[in-house]
Every structure is written in structure tokens, then in C-alpha cells.
1. Given 5, 41, which one is in contact with a Ser or Thr (Cβ under 9 Å, 6 or more places away or on another chain), at pLDDT 95 or above and among the basic types (Lys, Arg)?
2. Report, by residue number, each residue of the range 35-81 that is buried (at least 16 other Cβ atoms within 10 Å of the Cβ), part of a helix (DSSP H, G or I) and among the hydrophobic types (A, V, I, L, M, F, W, C).
3. Please state which of the following conditions residue 88 fails to meet, knowing it meets all the rest: (1) over 11 Å from the mean Cα position of the chain (by Cα); (2) hydrophobic (A, V, I, L, M, F, W, C); (3) part of a strand (DSSP E or B).
4. Of (1) in contact with a helix residue (DSSP H, G or I) (Cβ under 9 Å, 6 or more places away or on another chain); (2) on the phi > 0 side of the Ramachandran plot, residue 36 satisfies all except one. Which?
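The values are calculated or read from the model by the stated rules, or taken from the named source; none is laboratory data. The structure displayed is predicted, hence computed values, not measured ones. Positions of Cβ are backbone-derived with ideal geometry, glycine not excepted, and every protein chain shown enters the neighbour counts.
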Amino acid sequence: MPVQRIESNPRMSAAVIHADLVFLAGQVPDDRSLDAAGQGREVLAKIDRLLAAAGSSRENLLSAQIWLKDIDADFAAMNEVWSDWLPAGCA
């Protein structure tokens with residue numbers, strides 16, 4: 001079964017497709033001067049773009065890990081952005 005790699009460099013690929021599964025590398029914001037909500041939106045837009053390149057979408061999401069620098073300060077803002085991004089019925 002072939003493996004398809006998207007946006008590869010010598011160290012890694014931003015996305016890898018194997019069978020019917022899409023695996024994304026950790027995504028980080030480009031603009032670290034944004035607040036947690038802005039950074040979250042930026043990262044989720046990157047994820048949307050990579051999923052589309054892989055022929056998929058957020059509606060097919062199986063699992064996600066979100067890492068926050070300061071969970072006490074940023075949890076509420078990121079949770080709001082996540083809730084807005086997540087399709088209905090995917091929780």
C-alpha cells in the first residue's frame with residue numbers, strides 16, 4: 001500500500017496519507033505575536049489546508065492534540081476557537 005507525503009522536506013512531511021488515514025505533523029502559528037485565539041485560528045486554517053490537499057476535511061477528524069503554552073491563561077480562548085471550528089456532531 002503506497003504512502004503519499006504532502007509538503008515534505010528532508011526531515012518530515014506536513015501530512016502523510018496511508019490507506020484511508022491522514023496524519024498531520026504538529027502545526028504551529030506563523031505569527032506568534034497573536035493572542036491564543038488568533039494563533040489557534042491560524043493553526044486551524046493550516047490544518048484545513050492540509051486536509052484539503054489530502055482530499056479530506058475536518059468532518060473526518062478522529063483525534064487531535066492541542067498544546068498550549070499556558071493552559072490557565074489560554075484554555076478558554078482556544079476552547080472557543082476550537083468549538084467554532086469543529087463541525088457539528090464531531091465532538
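1. When all the criteria are applied, what remains is 5.
2. Within the range 35-81, 36, 37, 43, 44, 47, 50, 51, 77, 78, 81 qualify.
3. Only one criterion in (1) over 11 Å from the mean Cα position of the chain (by Cα); (2) hydrophobic (A, V, I, L, M, F, W, C); (3) part of a strand (DSSP E or B) is unmet by residue 88, namely (3).
4. (2)
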